[in-house]
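The values are calculated or read from the model by the stated rules, or taken from the named source; none is laboratory data. Just so it is clear, the structure is predicted and the values come from calculations on it, not from any experiment. Here the Cβ positions follow ideal geometry from the backbone for every residue, glycine too, while neighbour counts run over all protein chains shown. Note: areas computed on protein heavy atoms with side chains; ligands, DNA, RNA excluded. Shrake-Rupley method; radii C 1.70, N 1.55, O 1.52, S 1.80 Å.
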Amino acid sequence: MGRLDGRAAIVTGGAQGIGAAYAQGLAREGAAVAVADILDTSDVVTAINDNGGRALGVSADVSDNDSVAALIDAAVSEFGNVDILVNNAAIFASLDLKPFSAIPDDEWDRVMNVNIGGLFRCARAVVPEMQKNGYGKIINISSGTVFNGAPMMLHYVTSKAAVLGFTRSLAREVGDMGICVNALAPGFTLSEGIEANASYVDPVKDMIVASRAIKRGQTPEDLVGALVFLASADSDFMTGQTMLVDGGHYTH
Ligand SMILES: NC(=O)c1ccc[n+]([C@@H]2O[C@H](COP(=O)([O-])OP(=O)(O)OC[C@H]3O[C@@H](n4cnc5c(N)ncnc54)[C@H](O)[C@@H]3O)[C@@H](O)[C@H]2O)c1
């Protein structure tokens with residue numbers, strides 16, 4: 001028996017990398033999962049369904065209200081309800097590192113619109129569904145970078161810091177509806193998107209590993225246990241919190 005049997009989840013940005021690991025981890029625990037992305041989700045959906053799980057691929061853009069509404073509708077019509085939202089979609093691995101003064105306005109706006117605006121749009125659309133059942137779990141993906149700051153990606157780190165304020169404040173608005181809202185902050189993780197971006201990996205990988213209490217590279221799978229905990233009944237009295245999973249790089 002899985003810890004999420006009978007539950008239905010949405011994972012945004014689930015086509016690859018950490019989001020794909022979340023989707024597969026939730027499915028292994030028995031949740032039906034809508035895997036949403038602007039990229040093709042079919043590999044992840046096929047992997048889940050071939051392993052005896054239940055997944056639905058949805059083409060969805062979290063920066064667009066109509067697309068988000070269609071995502072929630074698709075999940076509800078396929079699964080009957082939505083209990084878990086993992087707000088994972090972000091503009092991240094595709095970003096080029098640059099000094100803050102070189103960030104163009106439109107790139108700043110795009111990062112904010114997806115990385116924090118997307119959480120708002122998805123939460124606003126899904127809360128009425130969770131409210132019907134008096135139960136829900138919203139898990140917002142932040143980043144370990146916010147605990148110490150990180151150079152050359154000011155828009156990204158700012159957007160991930162906003163996730164903490166969003167999480168704490170939304171938790172206070174929906175607690176009486178039976179909905180928990182928590183944040184999960186990964187450390188530097190060797191997702192496929194990051195591995196493909198040498199400008200990220202090469203300068204920092206060894207330095208970050210050396211600064212951890214547990215001195216090895218972090219993989220997407222390292223995050224799945226914490227994610228499942230936040231999605232499951234094991235965390236039903238925990239809300240507004242941020243879990244940092246980074247091998248002991250930062251402490252807070
Ligand atoms: N890898 C790391 O070191 C690390 C560290 C801390 C936090 N994170 C966070 O974890 C999450 C996943 O990271 P990753 O390494 O797998 O990065 P990634 O860039 O490979 O994954 C992000 C996913 O979001 C999708 N996406 C982007 N814009 C979207 C939109 N408008 N609508 C829907 N989907 C969209 C992308 O297509 C991609 O599949 C992100 O929120 C990232 O900020 C990653």
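Below is a table of values for the structure above.
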read-out: Residue satisfying condition, being under 20 Å from Asp83 (Cα atoms) and surrounded by fewer than 21 Cβ atoms within 10 Å (Cβ to Cβ), within set Asn140, Asn133, Asn148; value: Asn133
read-out: Matching residues, region 220-236, being in contact (Cβ under 8 Å) with a residue 60 or more places away in the chain, closer than 25 Å to Asp206 by Cβ and open to solvent by 50 Å² or more (accessible area, probe 1.4 Å); value: Glu221
read-out: Looking only at region 95-110, and only at residues there that are open to solvent by 80 Å² or more (accessible area, probe 1.4 Å) and farther than 20 Å from Thr12 by Cα, the one that is nearest to the ligand (Cβ to nearest atom); value: Asp96
read-out: Asn81 touching a residue at least 12 places away in the same chain (Cβ under 8 Å) and either assigned to a helix (DSSP H, G or I) or under 30 Å from Gly178 (Cβ atoms) (or both); value: yes
read-out: Selected residue (only one of Gly2, Gly19 is touching a Gly at 6+ places or on another chain (Cβ under 8 Å) and assigned to a helix (DSSP H, G or I)); value: Gly19
read-out: Cβ pairs under 6 Å, 6+ apart, first in region 148-161 and of a type outside the set (Val, Ile, Thr), second part of a helix (DSSP H, G or I) and open to solvent by 60 Å² or more (accessible area, probe 1.4 Å); value: Leu154/Phe100; His155/Trp108
read-out: Some residue of region 154-168 being closer than 22 Å to Asp236 by Cβ, hydroxyl-bearing (Ser, Thr, Tyr) and either in contact with a Phe, Trp or Tyr (Cβ under 8 Å, 6 or more places away or on another chain) or outside any loop (DSSP other than H, G, I, E, B) (or both); value: yes
read-out: Selected residue [closer than 20 Å to Val224 by Cα and either open to solvent by 30 Å² or more (accessible area, probe 1.4 Å) or more than 16 Å from the chain's Cα centre (by Cα) (or both)] from Asn49, Asn88, Asn65, Asn113; value: Asn49
read-out: Selection within region 40-73 - more than 14 Å from the ligand (Cβ to nearest atom) and on the phi < 0 side of the Ramachandran plot; value: Thr46, Ala47, Ile48, Asn49, Asp50, Asn51, Gly53, Arg54, Ala55, Leu56, Asp73
read-out: Check on Phe147, within 15 Å of the chain's Cα centre (by Cα) and modelled with pLDDT of 95 or more; value: no
read-out: Single unsatisfied condition, Ser169 versus (1) of a type in the set (S, T, N, Q); (2) within 12 Å of the ligand (Cβ to nearest atom); (3) out of contact with any helix residue (DSSP H, G or I) (no Cβ under 7 Å at 6 or more places or on another chain); value: (2)
read-out: Among (1) hydroxyl-bearing (Ser, Thr, Tyr); (2) more than 12 Å from the ligand (Cβ to nearest atom); (3) in contact with a Gly (Cβ under 8 Å, 6 or more places away or on another chain) - the single one Ser232 does not satisfy; value: (3)
read-out: Residue match in region 206-214 (condition: farther than 27 Å from Gly240 by Cβ, open to solvent by 40 Å² or more (accessible area, probe 1.4 Å) and among the small types (Gly, Ala, Ser)); value: yes
